Amino acid sequence: MSPRSALGFALLCFLGCGGSSGKPTDQPHQYTLSFGAIDVPAGTEHTQCIVKRLGNSTPLHVGAVHNQLGESSHHMVVYRVNDTVEQTAPFDCQPFADTLDPSKGSPMMITQKKDDMLQLPEGVAYVLDANQMIRVELHYINATAAAVRLDASTTMIETLDMKEEANFMLIGDPDIVIPPNQDVTLGPVYYPLDPTFADVKFFALTGHEHKLGTNVKVAVASDANDAGTAVYDVPNWTWSEPATVVHAPPFTVPAGGGFRFTCTWHNPYTNLGDAPVTFGESAEDEMCFFWAYYYPSHGTRVCLHSERGGRINDHCLQ
């Protein structure tokens, strides 16, 4: 991987914000933050962030989030944060690591598709404070022999009909070992849902792996012995453009139950002397995650299942 290089400034643009747009006050507003354009040198993998005020002068209910990624983008995470100081110049940050640390912010949306629209159900919204600070994390990879120009943006679209607050949950398993020249399956993994979430309705899910990934499947189950009911099973699933499956109506998890998920990989490298691929943040490492969007809000949750050392450990960060 090439040495990290200082990149240019991120641009900030506002579309239809505040009262300056000329729209009637009863019309929804849109607010856009742009990361880029930046030049990504050949052979570079890097993750950088910006922190900016969204520009909403009053509290905002967000009914849709539209993310657009340019060439060489691997993923983008959009967070609500409590920072008080803007950082308009891209700074180094760890891919997904801050998602696993709730003190670093509350994820609103993770995008790996080039054009990704999250439409929340009618009456459901993210709640943002006035002058909300937003952090945009961009993980990009240029595997080509020439520099590329990279643009990315997130647009938050107001809803005027808010009855329930939405939030975000991420669940995964870091116990990944993928030897050369093998197909590997992790799971089925059972993650019991905290009873706090008994009233929760899940309306969208996305699976996540890196370049060796061949599939992510998720079901809801009454217990660890239940095969469950599929809620994420995408034909021809692809790691680079993983589908977000929207459930209308939303689904619930059986009382006392949880999620049952499986990740699969194919490691084509035939040098058996190579070390196995394991969990990590780089695109050369692997992950086994899915994230879910839900309401009513019980806060952001990042939950991990591990059986290292022969002990089952289920733990949520919050």
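The values are calculated or read from the model by the stated rules, or taken from the named source; none is laboratory data. Here the structure is a predicted model, which means the values were calculated and not measured. Glycine also receives a Cβ, built like all others from the backbone with ideal geometry; neighbour counts cover every protein chain displayed.
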Hey, could you check the range 258-280 for residues that are of a type in the set (S, T, Y) and modelled with pLDDT under 95 and say which is surrounded by the most Cβ atoms within 10 Å (Cβ to Cβ)? Y269
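Residue-wise test of (1) touching a strand residue (DSSP E or B) at 6+ places or on another chain (Cβ under 7 Å); (2) in the same structural domain as V216 (by TED's automatic domain parsing); (3) within 22 Å of Y294 (Cβ to Cβ).
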position	(1), (2), (3)
L128	yes, no, yes
Q132	yes, no, yes
V136	yes, no, no
I141	yes, no, no
T144	no, no, no
A147	yes, no, no
A152	yes, no, no
I157	yes, no, yes
G172	yes, yes, yes
Restricting the search to the range 52-84, which residues are closer than 22 Å to A37 by Cα and over 20 Å from the mean Cα position of the chain (by Cα)? R53, G55
Which condition number does A255 fail, the rest of (1) of a type in the set (A, V, I, L, M); (2) touching a residue at least 40 places away in the same chain (Cβ under 8 Å); (3) buried (at least 18 other Cβ atoms within 10 Å of the Cβ); (4) more than 26 Å from R80 (Cα to Cα) being met? (3)
For the range 198-242: of the residues being of a type in the set (A, V, I, L, M) and surrounded by fewer than 16 Cβ atoms within 10 Å (Cβ to Cβ), which is nearest to M117 (Cα to Cα)? A230
By residue number, the members of the range 147-174 that are in a loop (DSSP other than H, G, I, E, B), within 17 Å of F259 (Cα to Cα) and out of contact with any Gly (no Cβ under 8 Å at 6 or more places or on another chain) are P174
Just need a number here: residues in the range 281-309 that are on the phi < 0 side of the Ramachandran plot, surrounded by fewer than 17 Cβ atoms within 10 Å (Cβ to Cβ) and within 16 Å of the chain's Cα centre (by Cα). 2
Just to be sure I understand the filter: pairs with C-beta atoms under 7 Å, separated by 6 or more residues or on different chains, first member in the range 110-137 and in a loop (DSSP other than H, G, I, E, B), second member of a type in the set (V, I, T). Which pairs pass? A130/T58
